[in-house]
Amino acid sequence: RFSKSANQITIHLFDMNLIAQINLQKVLHAVCLAYNAPESKVYQKSRYKDAVTLRIMTAYFARCYTNASLVQIGRFMQKDHSTIIHYINQACDLIDLYEAYQSKAEQIEQTLHSIGLEQLKCIPQRTKGRRAKRKLAHKHSEDTRYQKMLEQAIKERKAKSKNEAPERMPLFGDSFGN
């Protein structure tokens, strides 16, 4: 049995959504403050790098610092929840790879802590589905092929400089026994 009436439950859910909206607004404010950009830039349909970066970082920190679901974050940013997943994955990659994004992320975290928001969830990890794993495996195989081609070119260049016959790498369709 519930001790609360249906009206009280509805009000409680409304309060939770309102709190999520306020926290999302705080996250947006902190990100825009770090990048020195107006908050309206997040809602633009622009594909310029600075606008996209704002959207990516806002989605990432909204996921970390609020209890809002992906759908709620998407509604707040006027995007689909799958776009928010993409933004979070992009942010994970950018923060892992580039020092500039790491320093901005630290700056945003400090701003959020000073505002009074505490990190509610662990930092999201890049979600990898079957398709992404296949892409990574394919990329790795291409990288190894490219590395072998580079090594062969270096050997040939060294052999030319020493006036020796270069060692020939078998081509596709060549028989390896000859």
Residue 37: modelled with pLDDT of 90 or more and part of a loop (DSSP other than H, G, I, E, B), yes or no?
-> yes
For segment 31-43, state whether one or more residues are closer than 20 Å to residue 106 by Cα, touching a His at 6+ places or on another chain (Cβ under 7 Å), open to solvent by 10 Å² or more (accessible area, probe 1.4 Å) and not small (Gly, Ala, Ser).
-> yes
Out of curiosity, is residue 78 touching a helix residue (DSSP H, G or I) at 6+ places or on another chain (Cβ under 7 Å), on the phi > 0 side of the Ramachandran plot and open to solvent by 70 Å² or more (accessible area, probe 1.4 Å)?
-> yes
Expected output for segment 74-99 (first residue in contact (Cβ under 8 Å) with a residue 40 or more places away in the chain, partner outside any helix (DSSP H, G or I) and open to solvent by 60 Å² or more (accessible area, probe 1.4 Å), Cβ below 8 Å, 6+ apart or cross-chain) is 85/127
Counted residues, segment 45-64 - those being open to solvent by 40 Å² or more (accessible area, probe 1.4 Å) and farther than 16 Å from residue 28 by Cα | 4
Looking at this structure, is residue 133 touching a Leu at 6+ places or on another chain (Cβ under 8 Å), at pLDDT below 90 and open to solvent by 70 Å² or more (accessible area, probe 1.4 Å)?
-> no
For residue 67, work out the one condition from (1) surrounded by 15 or more Cβ atoms within 10 Å (Cβ to Cβ); (2) in a loop (DSSP other than H, G, I, E, B); (3) touching a residue at least 24 places away in the same chain (Cβ under 8 Å) it doesn't fulfil.
-> (1)
Hits in segment 108-117 - residues which are assigned to a helix (DSSP H, G or I) and either over 12 Å from residue 57 (Cα atoms) or of a type in the set (Phe, Trp, Tyr) (or both) | 110, 111, 112, 113, 114, 115
Right, residue 72: open to solvent by 70 Å² or more (accessible area, probe 1.4 Å) and assigned to a helix (DSSP H, G or I) or not?
-> no
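The values are calculated or read from the model by the stated rules, or taken from the named source; none is laboratory data. Every value quoted in this text rests on a predicted model; they were computed, and no experiment measured them. In this analysis, Cβ positions are derived from the backbone assuming ideal geometry, glycine residues included, and neighbour counts consider all displayed protein chains. To get the accessible areas, we keep the full protein, side chains included, count just its heavy atoms, and leave off ligands, DNA and RNA. Shrake-Rupley method; radii C 1.70, N 1.55, O 1.52, S 1.80 Å.
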